[in-house]
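A short write-up of the structure that comes next.
The values are calculated or read from the model by the stated rules, or taken from the named source; none is laboratory data. Not measured: the values here are computed from a predicted model. Counting neighbours? That spans all protein chains shown, and the Cβs are built from the backbone with ideal geometry, glycine included.
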Amino acid sequence: MDDLAGFLRTRRSRVDPARAGIPVDSRRRVQGLRREEVAHLSGVSVDYYVRLEQGRATQPSEQVLDALARVLELDGTERGHLHRLARQRRRKAKAPTGRVRPELLRVLDLITGAPAFIVDHRLDAAAGNRLAELLYGRPMKGLNTARHIFLEEAERGLYAAWDQCTHDVVGHLRLAAGKYPDDPRLASLIGELAMGSERFRRLWARADVRTRTHGRKAYRHPLVGELELHQENFALPDESGLELLVLSATPGSPSEDALRLLAGLAADGDVRPPAKTRPGRGSL
């Protein structure tokens, strides 16, 4: 399926015709806007828009894409995704290197009061600090958070807001696939998730894209209980394409006490939860 065509179809189906100024009566059977309605509202011919949705149109102009984004009520993330998809045929972005500089590892070691780890666009963790490994109960290097959430059933209970996490992960991977359509490792991961998770398949079909730079993350740790943390994502200023994720607790909160307890337990010995049967590969 042409990515641009599929994205246009899913967005069109979600626009409320009444909000777009189109009269609606009980006889209407189409969900969202019709193709000809999108064409009319965006100022392009019906034939051209149909060819866009069929993957047969030539490169759309910036003006056409902006008009479509307006009619389809795209937010900033979706608008950027639309433009990237339209440019794919002309210019393929090379997947970033994912190389972790030694200086970054030193920075991770300096973060002692909050779980912190480094991930790439595929959600592969390249490294993590001690508290991150205590939170997840395993080494961070080699962990893929998408596999962890969708494929490792025994780990699902770690996420107090598992449903929301699945939406965030799929939206992130959709965005990454739009940026790096020729990345074979990313394509392989998406195929693996689709084969192994019916929920992933359903969410992927929605074609939602998401970017998240901060927000609430809730965990249920098997040893210290509920943890309500705040995640900040810091894009690293190099060509690696990596992000530093830091999970902090509100000062004076029970979650801050729980993180201290977790770190203190580690000083007394192994704090990993009771052994479970784990798949051979890591995930988040």
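Assorted remarks:
- If the condition is being in contact (Cβ under 8 Å) with a residue 60 or more places away in the chain, out of contact with any helix residue (DSSP H, G or I) (no Cβ under 7 Å at 6 or more places or on another chain) and not aliphatic (A, V, I, L, M), then the stretch 148-160 contributes E152, G157.
- Matching entry among A146, A127, A205, A161 (being out of contact with any His (no Cβ under 6 Å at 6 or more places or on another chain) and within 21 Å of G80 (Cα to Cα)): A205
- If the condition is being farther than 13 Å from L247 by Cβ and touching a Gly at 6+ places or on another chain (Cβ under 8 Å), then the stretch 126-150 contributes A126, R138, P139, K141, G142, L143, N144, R147, H148, F150.
- Condition check for H167: part of a loop (DSSP other than H, G, I, E, B), more than 24 Å from L261 (Cα to Cα), under 16 Å from the mean Cα position of the chain (by Cα) and not charged (D, E, K, R): no
- Some residue of the stretch 51-58 being hydrophobic (A, V, I, L, M, F, W, C), touching a His at 6+ places or on another chain (Cβ under 8 Å), at pLDDT below 90 and more than 18 Å from A207 (Cα to Cα): no
- Within the stretch 6-43, restricting attention to residues that are part of a loop (DSSP other than H, G, I, E, B) and of a type in the set (G, A, S), the residue that is nearest to L203 (Cα to Cα) is S13.
- Restricting the stretch 29-48 to residues that are crowded, with 16+ Cβ neighbours inside 10 Å and either touching a residue at least 40 places away in the same chain (Cβ under 8 Å) or among the charged types (D, E, K, R) (or both), the residue that is farthest from D208 (Cα to Cα) is E37.
- The listed residues are R202, R210, and the only one of them that is outside the structural domain of R79 (by TED's automatic domain parsing), of a type in the set (D, E, K, R) and in contact with an Asp or Glu (Cβ under 8 Å, 6 or more places away or on another chain) turns out to be R210.
- Only residues that are of a type outside the set (K, R) and crowded, with 19+ Cβ neighbours inside 10 Å were counted across the stretch 169-192, and they come to 14.
- Within this structure, A154 fails the test of being small (G, A, S), in the same structural domain as R220 (by TED's automatic domain parsing), under 16 Å from the mean Cα position of the chain (by Cα) and modelled with pLDDT under 95.
- V15 over 26 Å from T213 (Cβ atoms), under 29 Å from the mean Cα position of the chain (by Cα), surrounded by 11 or more Cβ atoms within 10 Å (Cβ to Cβ) and β-branched (V, I, T): yes
- Residues (β-branched (V, I, T), crowded, with 16+ Cβ neighbours inside 10 Å and part of a loop (DSSP other than H, G, I, E, B)) located in the stretch 212-261: V224
- Filter result for the condition that a residue is of a type in the set (D, E, K, R) and under 23 Å from E78 (Cα atoms), over R185, R202: R202
- Only one of V38, V50, V30, V71 that is of a type in the set (V, I, T) and touching a Phe, Trp or Tyr at 6+ places or on another chain (Cβ under 8 Å): V38
- Criterion: more than 25 Å from the chain's Cα centre (by Cα), modelled with pLDDT under 95 and acidic (D, E) - qualifying residue of D208, D238, D257, D270: D270
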